[in-house]
Amino acid sequence: MAELSVFIDESGNSGPDSKYYLLTLVFHDQSRKLAPLISTYIETLANRGLSDIPFHLNPLMRGGEAYANLSVDTRKKLLTSFSTFANKAPYSYRTFSYEKRQLGDDEKLFAQMKKDLVNFLFDNLAFFQSYDQIKIYYDNGQGNVTRVLHSGFEYALGKQVITYRNGEPSDYKLQQVADLVCGIELAALKYDNNEQASAERIFFGSWRDFNKGFLKKQRKHTFF
């Protein structure tokens, strides 16, 4: 039975607190094995004296949560190691990006998001219909996103092929990849608009460094 996994991550919040809102979908055909790459990644971390901390880009860059007691140098090594793993992983992705002020309010934002998701699914209907089952992994962090996912996928593909799973990052490396992808696409928006903060400059460097070291490699995984 052909099975597709879809790992979801978002960047941004409802209301006026964030300028941008991004929704990232990471696709993985379950016939493409990931376990050997994960084993190699964990072994590489151990050889470099690093812990297998579930990857979360924002706190990594700002020294929060599980990264609170780690030096900038150690956090840079963790970012490099996980990025190397992600670049080798068999996935594709699509990110939908929005500048919130252009849409007016949250209702319009999530209505546009649903429309974009449905159009994307219909534009690639043959691909998605080639799978017997599609499993969607999301941690239900934002209720509006959960509603967009349910209504969008079920409208385009039907309920019978869709299964929902709680996508805790600690349980799934590709959920962590979705976090990285979303974060890199957000950083690209900031660099494009000369809005990068000190954290982006410390961990990604100049636009040239960021583009060469992260963005170009990631976008090789863009869905079709």
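The values are calculated or read from the model by the stated rules, or taken from the named source; none is laboratory data. Because the structure is predicted, anything quoted here is derived from the model rather than measured. Note that each Cβ is placed from the backbone with ideal geometry, even for glycine, and that neighbours are counted across all protein chains shown. Side chains included, ligands, DNA and RNA excluded: accessible areas come from the protein's heavy atoms. Shrake-Rupley method; radii C 1.70, N 1.55, O 1.52, S 1.80 Å.
Distance between the modelled labels on Asn58 and Leu37, one decimal in nanometres: 2.5 nm (7 Å Cα→Cβ projection). Assuming a ≥ b ≥ c are the square roots of the Cα gyration tensor eigenvalues, decide whether the range 76-123 counts as rounded (a/c under 1.5), prolate (otherwise, with a/b larger than b/c) or oblate. Because a/c hits 1.5 or more and a/b fails to exceed b/c, the range 76-123 counts as oblate.
With the simple model of a label 7 Å out from the Cα in the direction of the Cβ, Ser130 to Lys212 spans 3.6 nm. I need the shape label for the range 142-182. Rule: rounded when a/c is under 1.5, else prolate if a/b > b/c, else oblate, with a, b, c from the alpha carbon gyration tensor. The shape class here is prolate. Based on protein heavy atoms only, the chain ends up with 50 Å² per residue of surface accessible to a 1.4 Å probe. Only one of the values (i) 111; (ii) 122; (iii) 166 was calculated from this structure for volume of the Cα convex hull per residue in Å³; name its label. Looking at volume of the Cα convex hull per residue in Å³ for this model, the match is (ii). For the range 1-116, what does the alpha-carbon gyration tensor say about shape, rounded, prolate or oblate, given a ≥ b ≥ c as the root eigenvalues, a/c under 1.5 as rounded, and a/b over b/c as prolate? The shape class here is oblate. The lysine pair count for the range 1-143, using Cα distances under 23 Å and pairs eight or more places apart or on different chains, is 14.
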